[in-house]
Structure formats: C-alpha cells, structure tokens
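**Student:** Provided herewith is a single structure, encoded as structure tokens, for subsequent inquiry.
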Amino acid sequence: MMRLDRKLLFFLGLAILAVAPGCGGGGGDRTTPTPGGGATLRYTTDWGDSDRAITGVSQRISIYNSASTLLGSERLDQSSPEPEVLFSNLLPGTYRAYIELFSGPNQTGTRTGLINTLFEVTTLGGELKTEVGGTAADVVINPQGLIVRKMDQIQFYAHAISTSGALVFTPEGTWTWSLEPESVGLLNPKGMFMSPQLGEATVKVMFGSSSLAATSRIIVKEPFGTTSGSTGSIPGDRPEGVGDVTRSKWTVLVYMNAVGDLQTFSKNDINEMERVADNPDVRFVVQWKQIAGFDTTTPPFSGTRRYQVQYDLTENIRSRYVENVGSNVDMGDWRTLRDFVEWGKANYPSDRTILVIWNHGNGWVARSGDMRSRAVSFDPSFGNSAIDVWELPDALAGHHFDILSFDASLMQMLEVAYEIRDFADYIVGSEESPPGDGLPYHRVFDEFRDFPDRTTRQLSKAFVDGMLEEPSYRSRAITQSVVDTSQLDNLASKVDTLALDLIANKSHPSMGTLMYDILMNAQTYDYYSYWFYDLWDVCNRLQNGLTGTAVETSAAAVKTALSSAIVWEGHNANSPGSHGLSIDLAPPFSWSDFHTTYQNLAFAQFNWDEWLSQMPLE
C-alpha cells in the first residue's frame, strides 16, 4: 500500500518532502510507544474438540512482569461471546504467561492443562495463541544463553508448540529437567537453577516420553566488581566522581540523547548494558539526558548526567553516577558531543574505543526548521537543535574510534559514512528505521565481554547478529551493517564514474522508464519523507536495465566496491532488498529543495548530485 500511495503522489507531481511530515524515532523512524503509555497483548485460543487428548472449556490467563508482579488476570470460557482477551498498557519487554485450563465452565472442575512460559511484547504489542489438545511438534526453553553470578537463582520455563506455532496445553508432570554436568549447580524438578560455584552447564528439558527436547546454555561467573549507587531505579542525586581511570581493553562511549519520544527506551538500554558490564576490560560510559515533560511518566532525574555502567541483573539502574553535566545542555550541538568524547577518552583510556550516537537520525538531511528534517541527535528541549552530518568532523576532530555506531535511523548512507570516514575504522548503522529500543546492547556486547581480544572486525559482527537475534524485532523491518572506512574512497570514486556515465547516457531511450521503475520498486527507506535507496539494489537494476552501455560496466564496478566496503550485513524478510549502504536518489522535483544543503557534504565533490539534478523520468 505504501508503494501504491507513493506512486500516486508521483503521478500528481508532488514533492513528498514538501508535504509529508517525517516519522519520529530512533533515527528517522525509530518506533515510539503507543500514546498513553503502552501496547496491547492479544490472547486467542483454539478450543479443539472432545476427542483430543486434553480437553477443557474454560481458562484463566494471568500475566506477570519480569519482577513476578501480577499485572492482570482474565477469564475465558468456550461459550464466551468474545473469542479473545486483551491486556493493555504493556511496555515493551519480557513477560510471563500463566494459563490454566479447566474441565468445567467458569474455571471450575479440575485443572486439565497448563502453560507457564515467557513471551515478548514490542512497541507494536504482542500476541499469544494457544491450542487445547493440540499435538506438540517442537519444544521451546527460555531464557536462552545466560551468564549469571554465583548463587543467582534462575527460573527456566518450557512450552510446547503445535505445527501452526500455537502454544499447546500440557498436563502436570509433563516436563523433565536435567543439568549437564550436574556438578555445576542445582536444578530442581520445576526448572529452578542455582549454582554455588563457577562453571558452564547445559539446562535440558524433555517433553513427556517423546524425543522432543530443548536446551539452554548457562555460564556462572564471579562478578568482576560490586554494584554501586542507590537501590532505587536511578542512582541518587550526588555524583560520585570518575570511577575508573585505569586502562581497559575497550571503552564504549554512549551519547544518549533521550529527550523526547525516545526517552522511555533509555532506561531499558542502560539495563541491557548493565547485564554485560561484568568484565572490567569492557567499560560502558554514558552521557544521558532526559527531561521531565517529554515522556508519559516523570523521569527519575531531569537534566544531563554521566554514568559508568556497573554490572547488575535487576530492573533497577545500579550504575555509578559520575558527573552532573547540567540542566541546560544541548545534546543537538556538535560541541556537546565533542566535550563528551574528550572527557570520556581522557578519563576512561582503553586500547580500543567505540562511540555510539543514540537518538533520532535522518541520514544526511539537515535540519530545516521543522521536525521532519534532522540529521542526528535531535534535542527538542532546544527547539530544532540537531547535529548536521557535516558538523560531525568538528565534533570528532583529533579523535579516532575503532567502531562508530549510530543507534539511530537511516544513518547507514554513503553520504554519512564518507563524511566521517577518517574518524573510525568501522561504521555501524541501519539503512532502515529500527524499533524504538534500538540496539539490543546485551546481545551485541556479550561477545565483547566474553572475547575482548578478538579483532575489531570479528567483534563488529555482533552488531549485526544482535539485531537479527532479538525476538521482539522479528515483525519489524530490520537492517544492520558494518562498513570498512578504508574502502570508502574507492567506493565513492566508483559512484562518481557511475554518475558521469548516467549523465552521458541520460538521453538513452530506456533511461527515463528505467529510473521511474527504480524509484517505484527498488529497496527504499522512509517512504514518505525522503528518497533513500539501497545502493547495491539500485546499481543492480541499472546494470540489468542498460546492458551494452557504460552504465552497465560502472554499475557493476560499484557493486564490486560495495562488496569490499561492507564487512558484515544482515536484514530480515521485511527489508529484502537491503545490502548495507543507502544513497539519496531524489527525483529532480524533490532534489531542488535539498541541492544547496547537499553541497555541505564532503561527498558533494563527486558528481552524484549532478546526476540527481538531471535525472530523466518517464
């Protein structure tokens, strides 16, 4: 439907950039929560028939949060006029469903079946489907792949699923739990694990007498340090000073501009960092801004603070509050980013350094007086403040990073990467607009924590794997890639040659039709605000559409250069034409609005913008 709408606008000759407001969030469109504070879980069931192994005519569905607090309990009868149950106002996260099946109406009689398992709710909500008396086709165990502290107690859960993917009710005593090797810890018959010593083990669960089974790996570690700060959700109001000036193997500097519609996600991301902060050789240092009034709830603090992240597995923030930067700090000013970088590198020296820029992003596009046009790190507490892409070299001058990551939307563009190519070995980001939670930090940085001596190139793959492995993102359009900056000059040169060949062949009888087809069908991002397209997909269509011309050769050369520049790339089925780097491909009627500001970019020295000014269309 989006493509059809855009095509209609195209026929009308409308410049979409002039009429459509930009999407909000985590870059251009990092999805924000439902206004009012939460999403909805939809629960449905297939009651089956009387000849199934397990039967029942009523259910009680109870939902608990990760702190085991009961959030709500609903009843559902087979005779109910409503076929579903809804739980509303749920924030994104992990929840537990405890669903009981009864032989009689209104939750009477005997309990014939039970489902007790974990599930995820995203910003778009969640859905649970169950089946009464269905045949189990597979088994799922949660949580998966844990690293815990000695003496922690961890509850594992298991459920069976049918061939349709629905959760299957099972009777009491269905599950058999075991631990290998047994010497690592204790695992009771209900899946509760505890270990008094260090080591690694595999938790296994068997379904009845069948061969269906599932496993989860668990590592028991002695924490490298002690937690500090208040026992509340955010440490108290008294800064503790710089916590650790010794040299580490890695320092991860996170510039977390959480003012506005992303504010609700920042605490969760800090929590994710805390889960993997138990190796002193991998330190997280965060400059965190949030402001009262920009969220549905009042934040525990208002202003800008610096934290050294400390290891913790609770939902509270236990990190070390290092410094109060002030209540009047503009995170959309490149000078603020420069100050954080200089302070972080001076006070937390390391062999290798990562900089993460956390907020909204809109690719290369400059701010222009409204919400839809911003570059990166938009600070609404200072009006329309944002850091333009061509201001990033000023912010980063004199510093070099092993990895520079944009936890923001639409930033993985050639125009952006070329601008900052001299300041990092690898640039990480998304062509798409990721969900509001952005990077799953615990999934990305567990590799750094466990294997800090691996090469930067090897470890950078964890950014891609982490995004693709996050269960709550499976229904979203996810892209993530890692670019080797040493290859960007060659890539830019090949794009320049392509632009010159396109200009030389602009009168080719097929050119206008081909460009129109590319605009309508190539992989694009942020449909209604900008014309950002996957560069490899565009070149592939040019190569196949203009055979026998210089364009065919130069488009193929760009694809080859892309293969060298893009170290790791991943995307899911919701963004199928993605290959790692996008480029602006605005048609002339839209390009005229942005041609002047494009000249601020280092990439403007090449002829791509000249091609955009002349591009013929059907």
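The values are calculated or read from the model by the stated rules, or taken from the named source; none is laboratory data. What you see is a predicted model, and the numbers here were worked out from it, not measured in a lab. In this analysis, Cβ positions are derived from the backbone assuming ideal geometry, glycine residues included, and neighbour counts consider all displayed protein chains. The protein model used for the area step is the full one, side chains on, heavy atoms only, and it has no ligands, DNA or RNA in it. Shrake-Rupley method; radii C 1.70, N 1.55, O 1.52, S 1.80 Å.
**Student:** Go ahead and estimate [θ] at 222 nm for the chain from helices alone: -39,500 (n - 2.57) per DSSP H run with n ≥ 4, summed, over the residue count, rounded to 500.
**Tutor:** That calculation yields -7000 deg cm²/dmol at 222 nm.
**Student:** What Kirkwood Rh does the stretch 33-173 have if only Cα atoms enter the pairwise 1/r average? Answer in Å.
**Tutor:** Roughly 15.9 Å, rounded to one decimal.
**Student:** Using a probe radius of 1.4 Å on heavy atoms only, what accessible surface per residue do you get for the stretch 114-194? Whole Å² is fine.
**Tutor:** Per residue, the stretch 114-194 has an accessible area of 46 Å².
**Student:** While we're on this one: Starting with the highest mean, order 322-328, 300-306, 68-74, 271-277 by the number of other Cβ atoms within 10 Å, averaged over the residues of each peptide.
**Tutor:** Ranking, from highest mean packing down: 271-277, 300-306, 322-328, 68-74.
**Student:** Looking at the stretch 120-205, which trypsin sites (Lys or Arg not before Pro) are DSSP coil and have at most 16 other C-beta atoms within 10 Å of their C-beta?
**Tutor:** Sites meeting the loop and neighbour criteria: Lys150, Lys190.
**Student:** If you filter the stretch 122-196 for GluC sites (Glu not before Pro), then keep DSSP loop positions with at most 16 other Cβ within 10 Å, what is left?
**Tutor:** Listed in order of number, the matching sites are Glu172.
**Student:** Can you tell me how much longer the chain between Tyr98 and Ser475 gets when fully stretched, taken as 0.36 nm per residue apart minus their C-alpha distance, in nm with one decimal?
**Tutor:** 133.3 nm
**Student:** Sticking with this structure for a sec: Which value, in Å², gives the accessible area per residue of the stretch 247-404 when a 1.4 Å probe is used on the protein heavy atoms?
**Tutor:** That works out to 29 Å² per residue.
**Student:** Just the number, please: carbon plus sulfur as a percent of the accessible area of the chain, 1.4 Å probe, no ligands or DNA/RNA counted.
**Tutor:** 48 percent
**Student:** Regarding the stretch 348-438, what whole-number volume in Å³ per residue does the convex hull of its Cα atoms give?
**Tutor:** 110 Å³
**Student:** Evaluate the relative contact order of the chain (contact order divided by residue number), counting alpha-carbon pairs under 8 angstrom at least 6 apart; express in whole percent.
**Tutor:** 12 percent
**Student:** What is the ratio of the Cα radius of gyration of the stretch 279-356 to 2.2 N^0.38 Å, with N the residue count, to two decimals?
**Tutor:** For the stretch 279-356, the normalised Cα radius of gyration comes out at 1.19.
**Student:** Related question: Whole angstrom only: what separates the Cα centroid of the stretch 95-166 from the Cα centroid of the stretch 184-208?
**Tutor:** 19 Å
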